[in-house]
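Beneath this line is the structure, given in structure tokens, with notes to follow.
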Amino acid sequence: MTDKIRAFLALEVPDDVTRRLADLKSGLAHDLAGVKWVPAGNIHLTVKFLGDIPASMVEAVSEVMSALGQRPPMALEARGLGVFPGLKRPRVLWAGLDGDLEGVARLARQTDDHLSRLEFRKESRRFRPHLTLGRFRSRTLPPDRLASLLRRVSDFGPLPFLARRLVLFRSVLQPGGAVYTPLGKVEFGL
């Protein structure tokens, strides 16, 4: 039996932005008591969730990352809040992104194309770049009150940053939340 690891590829978000988002979350915690908050250090922009992969695949994924690194950093900014899939049954609370979203979408498509050659399944859903801030454990507010709360705090941005590197993370699920460990990084630059 081979060792498996749960892994994903993501763009790092600088500490100053994740700290500001953590401040925003602390202001929401009272009104959204049923949300399990993502620790500031775990906030990232997922490019591709790989799932449980053989540990032996890390090297091949790292080679794909090297090929994807030949691009300039992408100028992005966090702004606005929303929920997936919708206000009636929210599961994920997220901060939206603006800026070079076409560059991020292109990176996601290229990642999907390269990894499909390693027999990873291509994404069937449309890529929606966002920063997950929390996951709803229960529905805490009626949809109209949740919409009002999100509108009230959505003007926190913009929080500009440069996406400078693609990271392969290992994710270990633990009772206190996921622990992410970088297994490889590729700096963007031409």
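The values are calculated or read from the model by the stated rules, or taken from the named source; none is laboratory data. The shown structure was predicted, so the numbers you read here are calculated from the model rather than taken from an experiment. Here the Cβ positions follow ideal geometry from the backbone for every residue, glycine too, while neighbour counts run over all protein chains shown.
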Search segment 129-164 for residues being at pLDDT 95 or above and part of a loop (DSSP other than H, G, I, E, B), and hand back the single one that is nearest to residue 14 (Cα to Cα).
164
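Looking only at segment 45-52, decide whether some residue is crowded, with 16+ Cβ neighbours inside 10 Å, assigned to a strand (DSSP E or B) and of a type in the set (Lys, Arg). Break it down stepwise before answering.
Here is the first cut: in segment 45-52, the residues crowded, with 16+ Cβ neighbours inside 10 Å are 45-48, 50.
Keeping just the survivors that are assigned to a strand (DSSP E or B) gives 45-48, 50.
Next, only the ones that are of a type in the set (Lys, Arg) stay: 48.
Yes, that holds for at least one residue.
Within segment 5-33, which residues are of a type in the set (S, T, N, Q) and in contact (Cβ under 8 Å) with a residue 12 or more places away in the chain?
So in segment 5-33, the residues of a type in the set (S, T, N, Q) come out as 18, 26.
Of everything in segment 5-33, just one residue is of a type in the set (S, T, N, Q) and in contact (Cβ under 8 Å) with a residue 12 or more places away in the chain, namely 18.
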Hits in segment 47-86 - residues which are without any contact (Cβ under 8 Å) to a residue 40 or more places away in the chain and under 15 Å from residue 11 (Cβ atoms)
none
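Quick one: in segment 84-128, which of the residues that are of a type in the set (Asp, Glu) and in a helix (DSSP H, G or I) is nearest to residue 24 (Cα to Cα)?
So the first thing to find is which residues in segment 84-128 are of a type in the set (Asp, Glu), and the list is 98, 100, 102, 112-113, 119, 123.
Adding the requirement that they be in a helix (DSSP H, G or I) leaves 102, 112-113.
Values: 102: 27, 112: 33, 113: 36 Å.
Within segment 84-128, the match that is nearest to residue 24 (Cα to Cα) is 102.
I'd like to verify a number: residues in segment 118-127 that are without any contact (Cβ under 8 Å) to a residue 40 or more places away in the chain, surrounded by fewer than 17 Cβ atoms within 10 Å (Cβ to Cβ) and not acidic (Asp, Glu), how many? Before the answer, list the steps.
Within segment 118-127, the subset without any contact (Cβ under 8 Å) to a residue 40 or more places away in the chain is 119, 121-122, 124-127.
Among the residues that remain, those that are also surrounded by fewer than 17 Cβ atoms within 10 Å (Cβ to Cβ) are: 119, 121-122, 124-126.
With the extra rule that they be not acidic (Asp, Glu), the set shrinks to 121-122, 124-126.
Of the residues in that region, 5 qualify.
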Between 184, 189, which is assigned to a strand (DSSP E or B), of a type in the set (Gly, Ala, Ser) and touching a residue at least 40 places away in the same chain (Cβ under 8 Å)?
184
